[in-house]
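Structure first, then comments.
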Amino acid sequence: MLHDDDVQAVRELNEAHALITEQLGRIIVGQRRVIEELLVAMFARGHCLLVGVPGLAKTLLIRTLADTLSLRFSRIQFTPDLMPSDITGTDVIQENKASGQRELAFLPGPIFANVVLADEINRTPPKTQAALLEAMQEHQLTIGGRRHVLDEPFFVLATQNPIEQEGTYPLPEAQLDRFMFNTFVDYPDEEEELAIVARTTVDLETRVAPTLSAERILAMQHIVRRVPVAEHVARYAMSLARLSRPHKGNPPEFVRSYVNWGAGPRASQYLVLGAKARAALNGRFHASVEDVQAVAYPVLRHRIMTNFNAEAEGIKPDEIIRRLIETAADDQRKALERGELSEILGPDRTGPA
């Protein structure tokens, strides 16, 4: 159970959620699902990959989010000639004015920010893509044998164009797994597109007001980790990941037929953390199965590798996830009826190390 102070903090997080969404709505038309997934990932201390065709305001959304949160923002345009040092920074020789001696000094790269936009991340070779790996996982960089700790909070929000594959370098599975969410950014509906046209074709500049400081965001991230989750909810999240593995346990027939490789343990962790963050953002004091189902698509769609049979029949990862949700719900319901699940899984046992 949450303490009184934590309950109040969840209420404050819910109020902040409403305020941030309202501020983003001054610039961004629609995209409520995308905004929610970004905020869930942020308060769960995760990174997010936004996939969508050009012109859907992915970059504008990320920049506006950074402005709304009073965080330092940095944009890296990924190109084929980008080098790792262009991201991380490098040691340069400088003259010490006091001693007159030359010495090495570290010049930080654009990754030293709170919100890092990796724009078109699949347009640079793997060597440069890999420069993000240590930063995303460890929140630090090792350059020239020296360790440089990144400022907190730290988020990598990357964009990717799904329709243009010529001259691109698909992210390897190991790096995709570092992203908590793979968020699909879709076209706006008719009324939203009309509102976009009306808002962006007039001589009017709209600004957003800062809502949360870095210190408040860090405090709220800790609150998210203390949100309790019932055992059957945690087991439901775990079963979604485990059922997706075609060569382990007893997977459903559609998994054996259409999946080459399923989700690993990190998916189970992120499903529970995402459910906790979503519950807290909506002012609820415990995570539910519905919260897990809401985050299942962005958590799993880049962790389930479909095979040739799926491609031939036009079956996408989202269809596999939909079937997994139904299968896991049936299994959970039967286990509850048999009395095999207890009620509460303690908050000290629900988060990854």
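With respect to the conditions (1) in a loop (DSSP other than H, G, I, E, B); (2) under 16 Å from the mean Cα position of the chain (by Cα), LEU271 lacks only one, and its number is (1). So in segment 66-120, with the set limited to residues that are among the β-branched types (Val, Ile, Thr) and assigned to a loop (DSSP other than H, G, I, E, B), which one is surrounded by the most Cβ atoms within 10 Å (Cβ to Cβ)? Checking each candidate, the answer is ILE111.
Condition check ((1) over 18 Å from LEU218 (Cα atoms); (2) in a helix (DSSP H, G or I)) across all residues:
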{"position": "GLN8", "(1), (2)": "no, yes"}
{"position": "GLU15", "(1), (2)": "no, yes"}
{"position": "THR21", "(1), (2)": "yes, yes"}
{"position": "ILE27", "(1), (2)": "yes, no"}
{"position": "MET42", "(1), (2)": "no, yes"}
{"position": "ARG45", "(1), (2)": "no, no"}
{"position": "LEU49", "(1), (2)": "yes, no"}
{"position": "VAL53", "(1), (2)": "yes, no"}
{"position": "ARG63", "(1), (2)": "yes, yes"}
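Taking the conditions exactly as written (touching an Asp or Glu at 6+ places or on another chain (Cβ under 7 Å), modelled with pLDDT of 85 or more and of a type outside the set (Phe, Trp, Tyr)), does ARG75 satisfy them or not? Against the criterion (touching an Asp or Glu at 6+ places or on another chain (Cβ under 7 Å), modelled with pLDDT of 85 or more and of a type outside the set (Phe, Trp, Tyr)), ARG75 qualifies. Selection of segment 121-159 for residues being part of a loop (DSSP other than H, G, I, E, B), under 21 Å from the mean Cα position of the chain (by Cα) and surrounded by fewer than 17 Cβ atoms within 10 Å (Cβ to Cβ) yields HIS139, ASP151, GLU152.
So that you can scan it fast, the table gives a plain yes or no per residue for (1) in contact (Cβ under 8 Å) with a residue 12 or more places away in the chain; (2) within 20 Å of THR59 (Cα to Cα); (3) touching a His at 6+ places or on another chain (Cβ under 7 Å):
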| site | (1), (2), (3) |
| --- | --- |
| THR168 | yes, yes, no |
| ASP177 | yes, no, no |
| PHE184 | yes, yes, no |
| ASP203 | no, no, no |
| THR206 | yes, yes, no |
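In this structure, is ALA263 touching a residue at least 24 places away in the same chain (Cβ under 8 Å), in a helix (DSSP H, G or I) and of a type outside the set (S, T, N, Q)? Considered against the rule, which asks whether it is touching a residue at least 24 places away in the same chain (Cβ under 8 Å), in a helix (DSSP H, G or I) and of a type outside the set (S, T, N, Q), ALA263 comes out as no. The set of residues from segment 170-212 being hydroxyl-bearing (Ser, Thr, Tyr), surrounded by fewer than 17 Cβ atoms within 10 Å (Cβ to Cβ) and modelled with pLDDT under 85 comprises THR200, THR201, THR206. Beta carbons closer than 7 Å, at least 6 apart along the sequence or on distinct chains, never pair a first residue in segment 282-297 that is assigned by TED's automatic domain parsing to the domain that holds LEU38 and surrounded by fewer than 19 Cβ atoms within 10 Å (Cβ to Cβ) with a second that is not in a helix (DSSP H, G or I) and not aromatic (Phe, Trp, Tyr).
The values are calculated or read from the model by the stated rules, or taken from the named source; none is laboratory data. Computed from a predicted structure; not experimentally measured. Neighbour counts are summed over all protein chains in view; Cβ atoms, including those assigned to glycine, are modelled from backbone coordinates with ideal geometry.
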